[in-house]
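Below: the structure, in structure tokens.
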Amino acid sequence: MPSNPTAVLADVDALLRAVLGDFGPDAEITMDTTFRDDLGMESLDVVALAGRLQARYGDSVNFALFVSSLDVASIGELTVGQLVDYIAQSLEKVPAAS
């Protein structure tokens with residue numbers, strides 16, 4: 001599974017659009033996009049995203065662990081880029097299949 005941040009951003013973009021069904025198809029999701037202010041995500045959306053991340057990446061990406069490492073202010077300002085970086089770093093730690 002690619003750990004390239006560009007590929008991960010494309011994955012996260014698709015997952016976010018699936019969760020936020022009414023998010024404009026022309027609206028750009030970038031590394032600087034914030035979950036709360038830009039995407040308007042609520043806690044139920046975050047839970048749905050966590051489930052989709054689990055389905056996509058399995059145990060190699062632990063979204064709950066990632067979020068638990070943040071303080072309340074950081075969670076409110078969380079960006080797509082922070083999640084992409086976490087996913088890419090997590091995937092780099094997964095041993096290559098032989």
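Each value in this text was obtained by applying a stated rule to the coordinates, not by laboratory testing. Remember, predicted model here, so these are calculated numbers, not experimental data. Because the Cβ atoms are built from the backbone with ideal geometry, glycine has one as well, and the counts that use them run over all protein chains shown.
Assorted remarks:
- Within the range 5-92: Cβ-based charge dipole about Cα centre, in debye rounded to nearest 20 (Lys, Arg +1; Asp, Glu -1): 320 debye
- Take the Cα of E28, step 7 Å toward its Cβ, do the same at I75, and the gap between the two points is 3.1 nm.
- Rounded to the nearest 500, the 222 nm mean residue ellipticity of the chain from helices alone is -16500 deg cm²/dmol, with -39,500 (n - 2.57) taken per DSSP H run of at least 4 residues.
- The value of relative contact order for the range 5-92, using C-alpha pairs under 8 Å at least six residues apart, is 44 percent.
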